[in-house]
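Engineer: Dropping a structure here in structure tokens format, bear with me for questions.
The values are calculated or read from the model by the stated rules, or taken from the named source; none is laboratory data. These figures come from a predicted structure and were not determined experimentally. Methodologically, a virtual Cβ is constructed for each residue, glycine included, from the backbone with ideal geometry; neighbour enumeration extends over all protein chains shown.
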Amino acid sequence: MKVVRTIAELREALRPGHPARACESQDHLGQNPDTASRIGMVPTMGALHEGHLSLLQRARAENDLVILSIFVNPTQFSEASDLDAYPRQEAQDAALAESAGVDVIFAPSAAEMYPAGFATTVSVSGAITETLEGAGRGSSHFDGVATVVAKLLLAALPHRAYFGQKDAQQLRVVQRMVADLGIPTEIVSCATSRDADGLARSSRNVRLSETDRQRALVIPRALAAVSAAAASGETEVVALRTLAEGILAEGSVDPEYLAFVNPESFAPATTVSGTVLCAIAARVGEVRLIDNELLNPPSLPISKEN
Ligand SMILES: Nc1ncnc2c1ncn2[C@@H]1O[C@H](COP(=O)(O)OP(=O)(O)OP(=O)(O)O)[C@@H](O)[C@H]1O
Ligand SMILES: CC(C)(CO)[C@@H](O)C(=O)[O-]
Ligand code: BAL
């Protein structure tokens, strides 16, 4: 496994014939290895956990070469305290990445990603960036995400990039941005990985006290109850909201938002007749957590592309 810190080094490592590509099958499918090899990328902010590993496993299974990017992107944080407190553990991440079969870690500095004079912002407009996380974390949050993901994808030009459904709105913003800019990368949506008790895995979970972690369990419980009620035929958003609010109150968790939205446009859903995304953000102690569930999911997986 190679660790590179600049875009130039990353491109060098991706060049056919480079030792980082020695792992690739030489003639699978009987094709020229240079054209047959597939590159999968998993963009992260590090502090790797089982959720990230599930993305890496999928990338490993579906590609010849796997790139993990680790960059705590300052431009997507609206609170300095959140950025400062974000866990950073590169040595541990490198060991986990190696055991997950990562070929290349791209871990740039902020100066590499945003050199002096940097003046370009990729901005996705509409409800998908203005609502929920866009409202809660400030309008620049998704500009920061879209800009850095565009830079990461353009640096590596992977065939596929893997994103978690836990950050459903981010996934949608990335899908929109890639489609609009014509970036030739398939965006792969990966199911939310959960601890045995249901809590969605998140780098921020390490900051929860044991008591707060127990309180946070009302979030997946509320989502599971809403999902079950919708599956049983409840279509009224008001009734589903009341159900979820009651369960959240049991953990004294006051949601920043509890939203029912169209999973494509993120426009508010007035009724749960088809597939609707129920999304929750809540502060538990000092930590802001998000989670979501697709209600009445389609029987076939949602298309990975637009
Ligand atoms: N529990 C999870 N299941 C599936 N994917 C996940 C999970 N947690 C994170 N991911 C995905 O991993 C990628 C990197 O996420 P990131 O590094 O921000 O970790 P994180 O755990 O989401 O951190 P935090 O929630 O504290 O921001 C994103 O695509 C994210 O959706
Ligand atoms: C996609 C991402 C790596 C962009 O900084 C980040 O938002 C994340 O880790 O989810
Ligand atoms: N996990 C999504 C990125 C963020 O929290 O900033």
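Engineer: If you check every pair at least six apart or on different chains, which have Cβ atoms under 6 Å apart with a residue in region 67-80 that is modelled with pLDDT of 95 or more first and a residue that is assigned to a loop (DSSP other than H, G, I, E, B) and within 10 Å of ligand 3 (Cβ to nearest atom) second?
Structural biologist: VAL72/MET45; VAL72/TYR86
Engineer: Of a type in the set (Asp, Glu), closer than 24 Å to PRO297 by Cα and within 16 Å of ligand 3 (Cβ to nearest atom) - does that describe any residue in region 238-248? Spell out how you get there, then give the answer.
Structural biologist: As a first pass, look at region 238-248 and keep what is of a type in the set (Asp, Glu): 245.
Still in the running and closer than 24 Å to PRO297 by Cα: 245.
Still in the list and also within 16 Å of ligand 3 (Cβ to nearest atom): none.
No, the conditions are met nowhere in region 238-248.
Engineer: Here is a follow-up. Kindly indicate which of ALA161, ALA216, ALA191, ALA200 is more than 12 Å from ligand 1 (Cβ to nearest atom) and either within 27 Å of LEU248 (Cα to Cα) or surrounded by 21 or more Cβ atoms within 10 Å (Cβ to Cβ) (or both). Give the steps one after another, and end with the answer.
Structural biologist: Numbers: ALA161 fails: more than 12 Å from ligand 1 (Cβ to nearest atom); ALA191 fails: more than 12 Å from ligand 1 (Cβ to nearest atom); ALA200 fails: more than 12 Å from ligand 1 (Cβ to nearest atom).
Answer to the check: ALA216.
For (1) at pLDDT 95 or above; (2) surrounded by 19 or more Cβ atoms within 10 Å (Cβ to Cβ); (3) not assigned by TED's automatic domain parsing to the domain that holds LEU68, each residue gets a yes or a no:
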site: GLU9; (1), (2), (3): yes, no, no
site: GLY17; (1), (2), (3): no, no, no
site: CYS23; (1), (2), (3): no, no, no
site: GLY30; (1), (2), (3): no, no, no
site: SER37; (1), (2), (3): no, yes, no
site: LEU48; (1), (2), (3): yes, yes, no
site: GLY51; (1), (2), (3): yes, yes, no
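Engineer: Keeping to region 182-207, report how many residues are over 16 Å from THR44 (Cα atoms) and assigned to a helix (DSSP H, G or I).
Structural biologist: The total comes to 2.
Engineer: Can I ask one more? I'd like to verify a number: residues in region 81-98 that are in contact with a helix residue (DSSP H, G or I) (Cβ under 9 Å, 6 or more places away or on another chain) and either without any contact (Cβ under 8 Å) to a residue 60 or more places away in the chain or under 29 Å from THR121 (Cα atoms) (or both), how many?
Structural biologist: So in region 81-98, the residues in contact with a helix residue (DSSP H, G or I) (Cβ under 9 Å, 6 or more places away or on another chain) come out as 82-83, 85-87, 93, 96-97.
This time we only want the ones that are either without any contact (Cβ under 8 Å) to a residue 60 or more places away in the chain or under 29 Å from THR121 (Cα atoms) (or both), so: 82-83, 85-87, 93, 96.
Total meeting the criteria: 7.
Engineer: Another question, then. Determine the pairs where a residue that is within 12 Å of ligand 2 (Cβ to nearest atom), located within region 146-166, has a partner that is among the aromatic types (Phe, Trp, Tyr) and part of a strand (DSSP E or B) with Cβ atoms under 9 Å apart, the partner being 6 or more residues away or on another chain.
Structural biologist: Every condition considered, the pairs that remain are VAL149/PHE163; LEU152/PHE106.
Engineer: Hey, among the residues in region 135-150 that are at pLDDT 95 or above and either crowded, with 21+ Cβ neighbours inside 10 Å or farther than 20 Å from VAL178 by Cβ (or both), which one's farthest from ligand 1 (Cβ to nearest atom)? Lay out the reasoning, then the answer.
Structural biologist: The initial filter retains those residues of region 135-150 that are at pLDDT 95 or above, namely 141-150.
From what is left, the residues that are either crowded, with 21+ Cβ neighbours inside 10 Å or farther than 20 Å from VAL178 by Cβ (or both) are 141-142, 145-149.
Values: HIS141: 11, PHE142: 14, VAL145: 10, ALA146: 14, THR147: 16, VAL148: 11, VAL149: 9 Å.
Of everything passing the filter in region 135-150, THR147 is farthest from ligand 1 (Cβ to nearest atom).
Engineer: Pairs please, first residue from region 193-215 and in contact (Cβ under 8 Å) with a residue 12 or more places away in the chain, second anywhere and basic (Lys, Arg) and away from ligand 3 (no atom under 16 Å from the Cβ), Cβ atoms under 8 Å, 6+ apart in sequence or on different chains.
Structural biologist: If the second residue must be basic (Lys, Arg) and away from ligand 3 (no atom under 16 Å from the Cβ), the pairs left are GLY198/ARG221; LEU199/ARG213; ASN205/ARG213.
Engineer: So which residues in region 173-188 are surrounded by 19 or more Cβ atoms within 10 Å (Cβ to Cβ) and without any contact (Cβ under 8 Å) to a residue 40 or more places away in the chain?
Structural biologist: The answer is VAL174, VAL178.
Engineer: Another one. Quick one: count up the residues across region 73-105 that are closer than 25 Å to THR147 by Cβ, buried (at least 17 other Cβ atoms within 10 Å of the Cβ) and of a type in the set (A, V, I, L, M, F, W, C).
Structural biologist: Number satisfying all stated conditions: 5.
Table: residues versus (1) in contact with a Gly (Cβ under 8 Å, 6 or more places away or on another chain); (2) over 25 Å from ALA191 (Cβ atoms); (3) away from ligand 2 (no atom under 13 Å from the Cβ).
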position: LEU48; (1), (2), (3): no, no, no
position: ALA100; (1), (2), (3): no, no, yes
position: PHE106; (1), (2), (3): no, no, no
position: ALA110; (1), (2), (3): no, yes, no
position: THR121; (1), (2), (3): no, yes, yes
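Engineer: Let me ask something else about it. Any idea which of VAL253, VAL276 is hydrophobic (A, V, I, L, M, F, W, C), buried (at least 16 other Cβ atoms within 10 Å of the Cβ) and modelled with pLDDT of 95 or more? Full working, then the answer.
Structural biologist: Details: VAL253 fails: modelled with pLDDT of 95 or more.
Going through VAL253, VAL276 in turn, the sole match is VAL276.
Engineer: Quick check on my filter: what residues within region 280-302 are crowded, with 22+ Cβ neighbours inside 10 Å, closer than 14 Å to ALA230 by Cβ and among the aliphatic types (A, V, I, L, M)?
Structural biologist: Of everything in region 280-302, just one residue is crowded, with 22+ Cβ neighbours inside 10 Å, closer than 14 Å to ALA230 by Cβ and among the aliphatic types (A, V, I, L, M), namely LEU295.
Engineer: When both residues are 6+ apart or on different chains and their Cβ atoms are under 7 Å apart, which pairs have a first residue that lies in region 241-253 and is more than 16 Å from ILE290 (Cβ to Cβ) and assigned by TED's automatic domain parsing to the domain that holds ALA282, and a second that is outside any loop (DSSP other than H, G, I, E, B) and of a type in the set (Gly, Ala, Ser)?
Structural biologist: LEU243/ALA225; LEU243/ALA229; ILE247/ALA222; ILE247/ALA225
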